[in-house]
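I have placed the structure first, in the form of structure tokens, so that the comments after it can refer back to it.
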Amino acid sequence: MFDFVHEKKRLVQIVLALIILPFAFWGVDSYNQSGNTAEVAATVNDAKITQREFENALRQQQDRLRQMLGANFDAAMLDNPEMKHAVMDNLVAQRLLVERAKTVGLAVSDEQMAQVIQSIEAFHDSGKFDKKRYETALANQNMSPLMFEARLRGELLGQQMRDAYVQNGFASNGVTDNVIRLNEQQRVVSASPISFQPFMAQVKVDEAALKKYYEQNQKEFQVQEQAKVEYVKFSVGNLLAKAEVKTEDARKYYDEHQSDFGTPEERQAAHILVAVAAAAPQAEQDAAKAKAEQLLQQARKNPAGFAGLAKQNSQDPGSATNGGSLGFFGRGMMVKPFEDAAFMLKQGEISGLVKSDFGYHIIKLLAVKPARLLPFNEAREAIINKLRQQKAVDMFAERAEKFSNTVYEQSDTLKPAADLTGATIERSGWLVKGVAAGEPWTAKMLQAIFTDETVKNKRNTAAIEVAANTLVAARILEYKPAATRALGEVQEIIRQKLLHQQALELAAKQGKMLLEQLQRGDKPVLNWTAAQTVTRAQQGSLDKELVRKIFQADAAKLPRYVGAETPQNGYMLVRIDAVKEGGKPDDAKRTGYAQKLRQLTGEEMFRAYLADTKQQATIKVNLPETTAGQP
């Protein structure tokens, strides 16, 4: 969930002092106590989950989905019992894991907490943690630092409990080899499709069948409510023109963030590596060092011959063929002992022996690319655009509540809201209830439009968030109620559907009859496709269900025949002609499979542990549409 930052303790203490302080003075208990008087959404043993916590968790899930789905995101997907059930289930599990973690003595120190927060990019400005951005980002989520830090501590404790299981799954060599064999076994097959098309001429649908289908499937022919609306869209884009940025402000930003406008120094080096493991016996390490010292003497006697010496002697296969050259690199790209030595050399100079976890290095500096700072005149436009965007976001945050209030308080017109934001009043085409059509017509926006308040009382909708920093309010101009299409309008659609169904049934019947003939040894005349090879993972042109049957078939005696209905085309017959076993797995493949199997078994162990923990706990959920004790 979060990556810990492993650095020297003293450095961390200096860099993160500002964000460690809240823990020293307050701690998590203060947060837990502050929620005791809030409305309780659930209790887990003696721990409480407040309604505010639950709403915040829903909002965070919304943000995650928005980032994952982009333009396909619809805020209304969270307005259903299943999603609320899942969010509450996650909160309950988190409480239980924290409780168990404390019971077994696990803990997250203030320093570790600070390291994690410092590593979250959302709190960075110019690549560094910024306390103001941290507080602003939390405020935008209606959270205080204390609330966020308490929740984060709980998540980290829960992650420690999960890792204890997930990272300790088990997979024996026998199981691993068997899984590899099954997964990589190949079967050579040919197919013979039985299409529904030839049967179309044999099927008929009478008027009584059309009418019966129509009467039994009325919902299929319903036309939902429709409306045309006028609307106002308020976003950061409305404010960019009003967000003025002075040249002196841009200059100040440039002076304070010069690391953003330059390329750091890079160095090109070649090396000779005498490899020896860090944990190797001392005798091996001494031998490697002696060999490296001999190579160092040769390199210094003939610096021009360094590349040839590296080709013959370096034990780094990635660079030896290139005369030891590693190309250009900056700080942070090499292991620290190597980097420190390379950045101390002058061009053409050869280092002494440099010891790292890989062994002994002899380094020659080939070239230096000095750091370059982009002049202010070249950076000016990008800085102004960035500051303008930031200013517009701040202005949006200040005016969003006013916009919402204006839409609500003057609910018979959108003009005051448009005047407030400088936006124009726009008109939509016909919108259909329940049919989202992309921004701004998300499911949540449509849900707001088709309510009694907006349809019958002709009032504005609330200001609905349809995207990040984007609010929309609408009011109905024209309205069509829901209706059912007449039989005359849809009878041809019904006819084609029923004809297709009947033809599919006849094709499936024919296919099954042919399969029986093939399986008893008869040889009906069929058109078989060219042979293709399939595995459980690579299914070729066949569907998943058919491939499953292919690998379930006993291939001791070939050919074998299987078949399956295909909903779109009819029926598919398959002949299994050969079985090819995969080759003996090498160590790399076995290691990869074993790692995945260990992860799967570890996750299954964790799920079983969590299920048992829930069963033993006393859980009461107070949310509507959620079963108490079974979140």
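Throughout, read-outs are computed from the coordinates displayed, never taken from laboratory work. This one's a predicted model, so the numbers in the text were calculated from it and none came from an experiment. A quick note on method: Cβ atoms are made from the backbone with ideal geometry, for glycine too, and the neighbour counts reach across all protein chains shown.
What FRET efficiency comes out for Glu545 versus Leu477 if R0 is 56 angstrom and r is the Cβ-Cβ distance? Round to the nearest 0.05. Calculated value: 0.65. For the chain, adding -39500 (n - 2.57) for each run of n ≥ 4 DSSP H residues and dividing by the number of residues yields -15500 deg cm²/dmol at 222 nm. For Ala578, the amide hydrogen comes within under 5 Å of the amide hydrogens of Val188, counting only partners 5 or more places away or on other chains and with H modelled in the peptide plane. Measuring nothing but how far apart in sequence close Cα pairs (under 8 Å, 6+ apart) lie, relative to its length, the stretch 265-370 scores a relative contact order of 44 percent. Straight-line cross-link partners of Lys620 among the lysines, defined as a Cα under 27 Å from its Cα and at least 8 positions apart when in the same chain: Lys48, Lys84, Lys102.
For the pair the stretch 395-411 and the stretch 540-579, the centres of their Cα atoms are 62 angstrom apart. The label point for Gln595 and the one for Gln501, both projected 7 Å from the Cα toward the Cβ, are 5.1 nm apart. Using a cut-off of 29 Å between Cα atoms, the listed pairs Lys246/Lys369; Lys132/Lys402; Lys212/Lys549; Lys301/Lys346; Lys204/Lys523 include Lys246/Lys369; Lys212/Lys549; Lys204/Lys523 as exceeding that distance. If the chain linking Thr247 and Ile493 were pulled fully straight, counting 0.36 nm for each residue of separation and taking away their Cα-Cα distance, it would gain 82.0 nm.
Taking every C-alpha pair closer than 8 Å and separated by at least 6 residues, the mean separation divided by the residue count of the stretch 547-622 gives a relative contact order of 18 percent. Put simply, when 479-487, 278-286 are sorted by average Cβ atoms within 10 angstrom per residue, most first, you get 479-487, 278-286. Remark: the stretch 319-331, residue by residue, has Karplus-estimated 3J(HN,Hα) of 10, 4, 5, 9, x, x, 5, 10, x, 7, 8, x, 5 Hz, where x stands for each Gly or Pro and the curve is 6.51 cos²θ - 1.76 cosθ + 1.60 at θ = phi - 60°.
Take each peptide in 56-68, 111-123, count the other Cβ atoms within 10 Å of every residue, and average; sorted highest first, the result is 111-123, 56-68.
Using C-alpha pairs below 8 Å separated by at least 6 residues, the relative contact order for the chain is 24 percent. Annotation: the residues Leu156, Leu69, sorted from fewest to most other C-beta atoms within 10 Å of their own C-beta, follow the order Leu69, Leu156. A simple rule links phi to the HN-Hα coupling: the Karplus curve 6.51 cos²θ - 1.76 cosθ + 1.60 with θ = phi - 60°, which for the stretch 423-431 gives 8, 8, 7, 10, 10, 9, x, 6, 9 Hz, with x for Gly and Pro. What the Cβ-Cβ distance of Glu215 and Arg427 gives, at R0 = 51 Å and to the nearest 0.05, is a FRET efficiency of 0.85. Peptides 331-337, 378-384 ranked from most to least packed, by the mean per-residue count of other Cβ atoms within 10 Å: 378-384, 331-337. In order along the stretch 223-230, phi translates into HN-Hα couplings of 9, 5, 3, 10, 7, 9, 10, 9 Hz, rounded to whole numbers, per the Karplus curve 6.51 cos²θ - 1.76 cosθ + 1.60 with θ = phi - 60° and x for Gly and Pro. If you take all other residues with their beta carbon under 13 Å from the beta carbon of Tyr561, and give Lys and Arg +1 and Asp and Glu -1, the sum is +4.
Please report the spacing between the Cα centers of the stretch 303-342 and the stretch 139-217 in Å, no decimals. Centre-to-centre (Cα) distance: 47 Å.
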